[in-house]
Structures are given as C-alpha cells and as structure tokens.
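Here's the structure, in structure tokens; my notes come after.
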Amino acid sequence: MTFGPRGTVYWPRIINAVSTTPSPASRPWALAVLLLTTGAVGWWGAMALITERVAKLLDPTHVIACDVNPLVSCGTVMTTWQASLLGFPNPLLGVAGFVAPMAVGLALLAGARFARWFWIALLAGITGAWLFCHWLAVQAVYDIGVLCLYCMVVWAAVIPLFWGLVLWMLARGLLSRPGGRAQMLGVALLPFAWLPALANICVIVAAILLAFPTLLTSLL
C-alpha cells in the first residue's frame with residue numbers, strides 16, 4: 001500500500017489487476033465469433049438428430065425430417081452400429097460437447113483469458129471431434145452407403161472450428177516455443193485459416209460425389 005497526494009491510498013494488487021485487464025481491441029473477436037457460430041451450428045445439428053430419434057421411438061410411423069431419399073436418410077444411418085459407437089447415440093456427445101466452444105466464445109467476448117493448458121485441453125477435445133467426424137464420414141460413404149444430412153451439418157461446423165483454433169493457437173505461441181518459427185508460420189497462415197477448412201470440406205464432398213454419382217440428380 002502506498003500513499004499519494006492528499007492521503008490517497010493506492011493498492012498495488014488492485015492497480016495491477018485493472019491494468020492487465022484486456023482492452024476490447026486486444027480481445028480475439030474473430031476466434032470468439034468462430035467458436036460461438038460453429039458451436040451453435042454443431043449443437044443444432046446434434047440436437048436435431050436427437051429430437052428426430054426420440055420422435056421415431058415414440059411414434060414408429062414418424063417420418064424423419066432429413067429422410068430425403070434412399071441416398072440421404074438419417075433414419076437409415078441411425079439404425080447402424082456406427083451411430084451408437086459408445087453404446088448410446090453419437091449426437092449426445094455433440095449436444096454436450098458443443099457447449100464448450102460456445103461457452104469459451106462468450107467468455108472471450110467478455111474479456112476472459114485462459115491459461116495455455118486450458119487451450120490445449122480445448123484443442124484436444126475439438127481434435128477428437130474432428131477425427132470422429134472424419135471416421136463417421138468414411139463409414140457413411142464407404143460402409144453404410146447412405147448419407148445423414150444432419151450429420152453433415154455437424155461435420156461442416158467441426159471442420160472450420162478445428163482449423164481456426166489450431167492456427168490461432170499456433171499464431172499465439174500456444175503450440176510451440178513463443179517467438180519461434182512455428183509461431184511465425186501461424187501468424188502468416190492465420191488470415192488464411194479458411195483455406196485448409198475449405199480444402200478439408202472439398203475433399204469430403206469430392207469423396208461423396210465419387211461414391212454417389214447419382215446423388216445430385218436424385219436431389220432434383
């Protein structure tokens with residue numbers, strides 16, 4: 001504690017806490033918006049699958065909204081073992097898991113800061129989701145032979161979420177030695193984070209079109 005003019009008392013801890021509060025300009029707005037939007041879209045897709053599954057259980061005559069044709073049928077995919085890999089419907093993982101990026105996005109907008117271990121833990125979870133989505137895509141295209149529309153909505157949310165977070169963390173020095181070449185590479189690539197995400201989606205779309213050559217005409 002120190003004394004200023006006219007007996008004013010200054011508390012160093014309070015002053016330091018205020019001075020280290022991130023200003024609005026320094027907050028990662030783009031990352032926060034990415035986490036919020038992709039988290040919300042993914043959560044909606046997962047919840048839609050759960051809602052349709054419950055409706056089908058309650059009423060066997062219920063027509064699932066994403067049953068478009070024999071090639072695009074969520075109902076068919078729901079009956080496979082891949083749809084309940086851990087013994088319960090896969091979308092439950094999404095309903096619970098997508099809350100995390102949305103919560104982090106809101107916290108960032110509010111000015112929160114997180115430790116390096118927190119970001120690594122978040123990336124580990126999102127990487128698991130990214131790998132799981134690709135496994136499901138391979139199963140749907142090459143084993144089941146049927147596509148799930150709401151599942152693809154989830155894939156489309158997870159892919160940019162993964163690439164955006166990876167490059168942002170790389171640019172912030174959270175995945176390597178701060179100030180090293182890896183961080184410099186991340187800084188250079190971060191403005192183009194949409195490119196690997198787009199390429200990732202294009203590869204999946206190409207695989208789908210090659211495996212289902214009549215898909216487009218069946219949707220007309």
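General remarks:
- For PRO28, net neighbour charge (Lys/Arg +1, Asp/Glu -1) across residues whose Cβ lies under 11 Å away: +3
- D (Stokes-Einstein, µm²/s), Kirkwood Cα radius, the chain, 1.306 mPa s at 10 °C: 80
- Here the Karplus relation 6.51 cos²θ - 1.76 cosθ + 1.60, evaluated at θ = phi - 60°, turns the backbone of segment 70-83 into coupling constants of x, 8, 10, 8, 5, x, 5, 5, 4, 7, 8, 5, 5, 6 Hz, with x for every Gly and Pro.
- Scanning the chain for cysteines with no neighbouring cysteine C-beta under 4.7 angstrom from their C-beta gives CYS133, CYS202.
- On full extension, the segment bounded by THR217 and ASN69 gains 52.2 nm, given 0.36 nm per residue less the C-alpha separation.
- For LEU123, net neighbour charge (Lys/Arg +1, Asp/Glu -1) across residues whose Cβ lies under 15 Å away: +2
- Ordering 35-47, 113-125, 183-195, 68-80 by mean Cβ neighbour count within 10 Å, with the highest value first, yields 35-47, 68-80, 183-195, 113-125.
- Relative contact order, percent, the chain [alpha-carbon distance under 8 Å, six or more residues apart]: 24
- Calculated FRET efficiency for the pair ALA188/HIS134, C-beta based, R₀ 25 Å, to 0.05: 0.45
- Label separation (TRP117 vs ALA103): 1.7 nm, computed from points 7 Å beyond Cα along the C-beta direction.
- Arranged from fewest to most other beta-carbon atoms within 10 Å of their beta carbon, ILE201, ILE159, ILE144 become ILE201, ILE144, ILE159.
- Taking a Cβ cut-off of under 14 Å around GLY75, the surrounding Lys, Arg, Asp and Glu residues balance to a net charge of -1, with basic ones at +1 and acidic ones at -1.
Each reported figure results from applying straightforward, stated rules to the coordinates on display, with no laboratory input. The model shown is predicted, which means the values in this text are computed figures rather than measured ones. Here Cβ is always computed from backbone atoms with ideal geometry, including for glycine, and neighbour counts include all displayed protein chains.
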